[in-house]
Amino acid sequence: MALGQVERIVCPHCSLLCDDVFCVINDGKIVSTYNACMRGDAFLKLVNSPNRLTNPLILEEGRLKPAHLSEALDVACNLLSRAKKPLLYGWGSVSYEAQEVGIQLAEKLEGVIDSTSSICHGISLRLIEEISREEFKCPTLEEVGDMADLVVYWGSNPADSHSRHLSRYTVFPRGKVRITGRLEREVVVVDVIKTRSAKGINLFLQIEPEKDLNLIKALIEYLSGKELPENVGGIMKKDIIDFGKMMKKAQFGTIFFGLGILQQENFKENIEGLIKLVKHPNLKGQFSLMPMIGHSNMLGFNLAAKKMAGVPYGYGIDFSKNPPEKTTVTEALINGDCDAALIIGANPFASFPQKLVEKLQNIPLIVIDTQMNLTVKKASVAIPATITGVETEGTMIRMDMQTKKLRKFLDSPSENCLPDKEILQNLLQKI
Amino acid sequence: MTKLNAFEVFQLLPKTNCKKCGESGCMAFAVKLLGRQIELEKCTPLFEEKAYEKQLKKLQELLTPLSEALETGIILEEEKCIGCGNCLIVCPVNVAENPESSAGIGVAPEKEENVIYVVKDGKAKIIDLTKCRRYADTEKLSYAQCRVCEIYCFTEAIKILI
Ligand code: SF4
Ligand code: SF4
Ligand code: SF4
Ligand code: SF4
């Protein structure tokens, strides 16, 4: 079969950054993909979607109207310069290089910059560092695949969030140590409902909502040799013992936890408990914890903010303070006096809680995005961008802290679409 | 869906071992029927004798889904598939034909004709099922027991009917 132009790429859609994806290109368009999961495929095909933002838009008389790029950049520049304390938010799917320029821009504007991570797993990473009083470390996904004989998904549902997690990395590959792959591993899922991830595994524990902490404590007690009650959070003693035995026996185990652990009243205690569990002295094997980070380059922002302003994971930076302080988007919008916002690579009008949306509604918005979406529709000015990893090169950080270089393999869909980094540099120079 | 097995089918046949079908007996016929190597119509007594009317109806009902399945009894429903790639990496034949997959790496487009499963456009596709270990061995009248692609498919997109 004649395939035409074929490119091996890194899928830029989630923080697994699968590097074995092929795109078949015809007439400058992606006509087919190989190895991308359904979500990755859909994302890559959006490159050619009619919903693509290819024209700059400016709000005039209550309506968004097409404008010249230079005009749109001028308007953005004016709004940002006039604001006392602009908020620069998003950053989860842009390159590390663009994130760095974003932080420089926030500094110059004496504004606030934050990413999606402060309402997501940035919190997990920060808590892990605070509680264990050491830098967050985890094995690479390849190391898990090579060595793990116990893989746990706790409050996470990889089938639907990171579809290739098990097949590409953790469970099904034949590893250096686990040479037959799946047969040498135990796979456990703990969740409040039986998700698709719970199929074909060794043990599924259906925990009652908000009872994860009880199960964590019960496991710690089991490992410490204590007697267990008959039932913990809906889970039978026998199943807890089975899980405990798997942990005791394992030489290498990793717990991949999801938002199920985080979106609870006692999320702090949950994470503290999980740390105690994986560090339990009666475990012989090497155990680790890894949050199931969603956005392709959420970690990039955390690392850039850490390097450039010394703020911990899960925080943004408030450059209106001298010296700059840590802050979060929630804090900045609720208590703060942010009077304009630049939104890049995020759709807060679709994902934020109502009280934050209300705050955003009342200030001028500069939106940089690749697609038309709810947030773009609320913009005072919208600037179209190229897609990183497709039309622009850049670096992203995988969920296990590994650096991935993404290539440009298609041309920009329009001369009006610039890479995020260039748009930001442009603003930085003008201001 | 419940699995079809040869014994269940055998129970509904005339069980006379008359050999009119050209097989050594009803059990052998049942096995071939599941392998779709022979048509039900070859068992003429079943159609000719009124006594078997009910059994015939039941058999026909039982065998309908099989007519949609491939030789190995495998059905892949693309609408359910999420492209996780579990089938592709767990299938022993896929990995033998595309050794990179032992490390979890998918199948490159230029190698797609060598394997059973590929994930293309976000969905699994069956390319060459004659390589499947379940492919009926006519001589031995038996199937290899492999069904790991079905076991580990997240979504029940893969079903093995026999
Ligand atoms: S798992 Fe994530 S990175 Fe991999 S193909 Fe799917 S969306 Fe892309
Ligand atoms: S023709 Fe029908 S009854 Fe006779 S041996 Fe074959 S299957 Fe059995
Ligand atoms: S039954 Fe076994 S050999 Fe056949 S396709 Fe499934 S995994 Fe591969
Ligand atoms: S295992 Fe199932 S859901 Fe996953 S790619 Fe194969 S058929 Fe699709």
Condition met for A:Ile113 (buried (at least 18 other Cβ atoms within 10 Å of the Cβ), away from ligand 2 (no atom under 16 Å from the Cβ), under 30 Å from A:Phe319 (Cα atoms) and outside the structural domain of A:Pro324 (by TED's automatic domain parsing)): no
The condition from (1) assigned by TED's automatic domain parsing to the domain that holds B:Lys123; (2) at pLDDT below 95; (3) not basic (Lys, Arg) that B:Asn17 misses is numbered (1)
Checking the structure you have, find out if any residue of the stretch A:286-299 is on the phi < 0 side of the Ramachandran plot and assigned to a helix (DSSP H, G or I). yes
Any chance A:Lys306 is over 21 Å from the mean Cα position of the chain (by Cα) and surrounded by fewer than 24 Cβ atoms within 10 Å (Cβ to Cβ): no
What number of residues within the stretch B:78-99 are within 16 Å of ligand 1 (Cβ to nearest atom) and more than 18 Å from the chain's Cα centre (by Cα)? 7
Which residue is surrounded by the fewest Cβ atoms within 10 Å (Cβ to Cβ), if the candidates are limited to the stretch B:47-63 and must be out of contact with any Phe, Trp or Tyr (no Cβ under 8 Å at 6 or more places or on another chain) and closer than 18 Å to B:Leu4 by Cβ? B:Glu61
Determine whether the stretch A:383-394 contains at least one residue that is assigned by TED's automatic domain parsing to the domain that holds A:Ile317, in contact with a Cys (Cβ under 6 Å, 6 or more places away or on another chain) and of a type in the set (Val, Ile, Thr). yes
Keeping to the stretch B:84-117, report how many residues are over 23 Å from A:Gly175 (Cβ atoms) and within 11 Å of chain A (Cβ to nearest Cβ). 4
Cβ-Cβ below 9 Å, separation at least six or inter-chain, first residue in the stretch A:8-28 and more than 13 Å from every other protein chain (Cβ to nearest Cβ) and on the phi > 0 side of the Ramachandran plot, second in a loop (DSSP other than H, G, I, E, B) and hydrophobic (A, V, I, L, M, F, W, C): which pairs? A:Leu17/A:Val10; A:Leu17/A:Cys11; A:Leu17/A:Met399; A:Gly28/A:Leu410
Filter result for the condition that a residue is under 18 Å from A:Gly233 (Cα atoms) and without any contact (Cβ under 8 Å) to a residue 40 or more places away in the chain, over A:Leu203, A:Leu166, A:Leu215, A:Leu183: A:Leu215
B:Cys43 vs (1) under 23 Å from B:Thr130 (Cβ atoms); (2) surrounded by 14 or more Cβ atoms within 10 Å (Cβ to Cβ): all pass except (1)
Please go through (1) within 23 Å of A:Lys137 (Cα to Cα); (2) in contact with a Leu (Cβ under 7 Å, 6 or more places away or on another chain); (3) of a type outside the set (Asp, Glu) for A:Leu262 and return the number of the only condition it doesn't satisfy. (2)
Checking A:Lys176 against (1) away from chain B (no Cβ under 14 Å); (2) in contact (Cβ under 8 Å) with a residue 24 or more places away in the chain, which test does it fail? (1)
Would you mind listing the strands (runs of 3 or more DSSP E) fully within the stretch A:325-421 where at least 1 residues are free of Cβ contacts under 8 Å to residues at least 60 places away in the same chain and in contact with a helix residue (DSSP H, G or I) (Cβ under 6 Å, 6 or more places away or on another chain)? A:365-369
Filter the stretch A:159-171 down to residues that are more than 17 Å from B:Ala124 (Cβ to Cβ) and within 10 Å of ligand 1 (Cβ to nearest atom), then give me how many there are. 3
Please work out which residue is farthest from the other protein chains (Cβ to nearest Cβ), limiting yourself to the stretch A:35-65 and to residues that are surrounded by fewer than 19 Cβ atoms within 10 Å (Cβ to Cβ) and among the acidic types (Asp, Glu). A:Glu61
Subset of the stretch B:69-111, residues away from ligand 4 (no atom under 16 Å from the Cβ) and closer than 19 Å to B:Ile162 by Cβ, comes to B:Glu71
Heads up, the helices (runs of 4 or more DSSP H) in the stretch B:7-118 (entirely inside) with at least 3 residues that are within 16 Å of ligand 2 (Cβ to nearest atom) and free of Cβ contacts under 8 Å to residues at least 60 places away in the same chain are B:26-34, B:44-48, B:53-68
Filter result for the condition that a residue is within 16 Å of ligand 1 (Cβ to nearest atom) and touching a residue at least 12 places away in the same chain (Cβ under 8 Å), over A:Ser288, A:Ser296: A:Ser296
Quick check: anything in the stretch A:189-198 over 11 Å from A:Gly155 (Cα atoms) and away from chain B (no Cβ under 14 Å)? no
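The values are calculated or read from the model by the stated rules, or taken from the named source; none is laboratory data. Computed from a predicted structure; not experimentally measured. Glycine also receives a Cβ, built like all others from the backbone with ideal geometry; neighbour counts cover every protein chain displayed.
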